[in-house]
1. Seen from all sides and averaged, what is the projected area of the convex hull of the Cα atoms in segment 6-58, in nm²?
2. Among the chymotrypsin sites (Phe, Trp or Tyr not before Pro) within segment 317-400, which fall in a DSSP loop and have no more than 13 other Cβ atoms within 10 Å of their own Cβ?
3. What is the extension gain from Q182 to E368, computed as 0.36 nm multiplied by their sequence separation minus the C-alpha to C-alpha distance, in nm to one decimal?
4. Could you work out how far helix 755-765 tilts from the main Cα principal axis of the chain, as a 0 to 90 degree angle to the nearest 10?
5. For the chain, what does the accessible surface come to per residue with a 1.4 Å probe? Please give it in Å².
6. Can you give the relative contact order of segment 52-142 as a percent, counting alpha carbon pairs under 8 Å and 6+ residues apart?
7. Within segment 426-460, list the residues whose amide N lies under 19 Å from a label point set 7 Å along Cα→Cβ of E562.
8. Please report, as a whole percent, how much of the solvent-accessible surface of the chain comes from carbon and sulfur atoms (probe radius 1.4 Å).
Amino acid sequence: MALGIIIVSTVVFIMFAYSFISYRATKQEIVLRMKNSSNHSIVSLQTNTANLIEAYAINEYMRLLITEMETQDHYAILIYNYHMSKIFGDEFYVQGKIRASDGSIIDYDPQNQEQNKNLKDCFYIEVGEVKNSVGDKIGQIRVYITGDSLNRELNKIILTSLLQTLFISLLLVISLFLSIRQFLLKPLSKIVRVITHSDKDGIPLESIPSDGTREIAALSSSMNGMIDTVKHSRVKLKAQQLLLQREKDRFQMVIEGTNAGTWEWNVANGEVQLNHRWADMLGYQPGEITPFDIETWRGMTHPEDWAKSRECLERHFSRDSDYYQCETRLKSKKGDWIWILDRGKVATWTHEGKPLLMSGTSTDISLEKNASAELIKAKINAEKANRAKSVFLANMSHELRTPMNGVLGMTQLLEMSGLNDEQMDYCDIILKSGKNLVAILNDILDIAKIEAERQQVVHEPFSFRELIEPLVSLFIGAAVAKKINLSWVVDPKIKEHLIGDSQLLGRILSNLIGNAVKFTNQGSVTIQLALLAESSDFQKIQFQITDTGIGISQKDKKLIFEAFQQVDESSTKEFQGTGLGLAIVKKLVSLMGGTIQAESEFGKGSCFTIELTFQIQAQSFFENIPEQIAPNHDALKAKGLRVLIVEDDEASMQVIGRMLAKQEMITEKARTGKEAVDLAKEQKFDLILMDLVMPKMNGFDAALAIRDLQDCMNQKTPIIALTALTALTALTSQQDKAHCQAVGMNDFLTKPVDLTILNETIMKYC
Ligand code: ADP
């Protein structure tokens, strides 16, 4: 319809424009024609009236005028007769013909106002001068043309044009309408029909017909193309939707599987969205705790946990942590506290870098928390039990080693009391068995001490040569007895003076060399020390103890570093031991920051390799040994020496007393530290043997008191500590040593006291 109106109005407009232009052209043409005719009248009248004016034949030229008026469509023709003007003395003598309102031709009356007015309003006036034969102006002819005739002409033209225009327009409109209907509307309505016959998504079921004009065909085919693309996209979209749904279901299942609640927090406005599980965890029905915002959350959080939670959040918000994670307690509907593990991450940030949306999960970890509390309790109990075991072992050690002191000491004394060979053999067996028992006790105590992490590693200067040589020589006797070759090679690049724990190193090496000699019946035992690496401050040394002994099978090799493991029962019978040695060695090596490895072939021999790093000494430690500790080899007179024995245990007192008496020394006895201090005030002694653990006043305090006595004769008397305490309840031996030195003692002996070592020590200081 709209199109029809547009077309019709366009056609009408064109037609009117055409009519207007042709009207103007016609008008000009008519005007020109009228001008020509008036001009023509003037010219014909000029020639015909000149003589008549001179002859005053007014009636004659008036007749001429009538004829002219009748033939031409003029309004009026007037002649100004100058001759007659002169005669009558008028300004103008005018005569002529004019048309009356009914169209008749009448005489012009100069006095008639209406006629004059009509003349004035004339559309066109043509003026021509009339001259006589000599060229004088004798008159003037004026032809008047009104617009009426013009209008009449024009109206005729307009009417014709209008009729033409209307007719043509009508024809055009009809033909346009028919062709539009045929070529545009029909195919378009077909298209519309096909398009409206669509599925639920609005996509046409059939393809659009492409009949009609070329443009319609192009439109149809492009629409078909579009429909195909949409169909294709819809298939793809459906596949993606399916995939998305599957992912969503999977994700949902994962979330449900983790039994976690989910939350989304709009940090900007504080609103929080929770899922069902979240509410369920705290015993609420879904929707029961809505609306929920951060303040509600805060109200449910345990007051002690809120600050921690804020702190974790702030860390995440300031991007110090990639995500937020915090364990907090939330109040359930019933009012009890539920442990919740919250994990989350900011998903959207503002332009200013502030958090906008954050989401995460909440998991009920009450069970784990309770379990871990139970575990902590169990651990504390286990540690208590372990501690009790350690204390028990320590006490056992003390209790077993103290009587052993008596057994061994007395056996040594017995040997000196003039026994026959058989009795001497018995004593030897007692001594050997006793010493084995003490060694076993020491092993058990050592492992207990390491396991309780009470073993200290000290870093003190030591001489490498002075450590290795005596250590190896300890085993020469056993090697010679077994007819095996014992040799050692020391890399000359290894520094003489190093810093480390020489005591632990000695224990490690003596254990390994002892094993090598013990498990080798023929062949050799070789000890090799090589420098592996060094810097200006450190040396890394490799110790290799190789033997050609019984070897260890592959299977057993895995067990040898385990405590209480003796790999071969038959060998255990032949070679005594506790199965603790290598376990202790491995733990000590690792405490010293080193490594140990065992290579072995059953029946062929073994090689144990240790790698340890030591600090290099800047100067020799031995130059710094305090004067009072330095041994006095000149004063070697045991006989008659006055020795104060301070010992609360009667058996130990007896053993040591008798040992000294055998050397013809004079002994005084004190049962407590206090007694010892009192005696030291009264008598001068050459040596004091001081037990460390005593009731009331212990050995350290007693030694300190003696050293602090003003003007005391025993202020400089050597004091040798007696200690059975390598156990857990007391200080470590290294600490003992340091403590002994700190209180002014000179040395210390370990109980059970060996007669030879006791003599050597006394000779060292007296
Ligand atoms: P034990 O005190 O019984 O010697 P260790 O822990 O020192 O205990 O050794 C554990 C076991 O490893 C020994 O019983 C022995 O079977 C084996 N073993 C250790 N050193 C050697 C070696 N040099 N040659 C062969 N077997 C060895």
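1. Values: hull surface 17.6 nm².
Average of the hull's projected areas for segment 6-58 equals 4.4 nm².
2. Values: sites: F317, Y323, Y324, W337, W339, W349, F392; in loops: Y323.
For chymotrypsin sites (Phe, Trp or Tyr not before Pro) across segment 317-400 that sit outside H, G, I, E and B with at most 13 neighbouring Cβ atoms in 10 Å, the list reads Y323.
3. Values: separation 186, 0.36 × 186 = 66.96 nm, distance 8.32 nm.
Result for the pair: 58.6 nm of gain on full extension.
4. Once rounded, the angle reads 80 degrees.
5. Values: 43780 Å² over 766 residues.
Counting only protein heavy atoms, the per-residue value for the chain is 57 Å².
6. Details: 120 pairs, mean separation 24.8, N = 91.
Relative contact order, segment 52-142: 27 percent.
7. Of the residues in segment 426-460, 444, 447-448, 451 have backbone N under 19 Å from the label point off E562.
8. That fraction is 56 percent.
The values are calculated or read from the model by the stated rules, or taken from the named source; none is laboratory data. Here the structure is a predicted model, which is why all the values come from computation and not from measurement. Please note: Cβ atoms are built from the backbone with ideal geometry, for glycine as well, and neighbour counts cover all protein chains shown. Heavy atoms of the whole protein, side chains included, go into the accessibility calculation; ligands, DNA and RNA do not. Shrake-Rupley method; radii C 1.70, N 1.55, O 1.52, S 1.80 Å.
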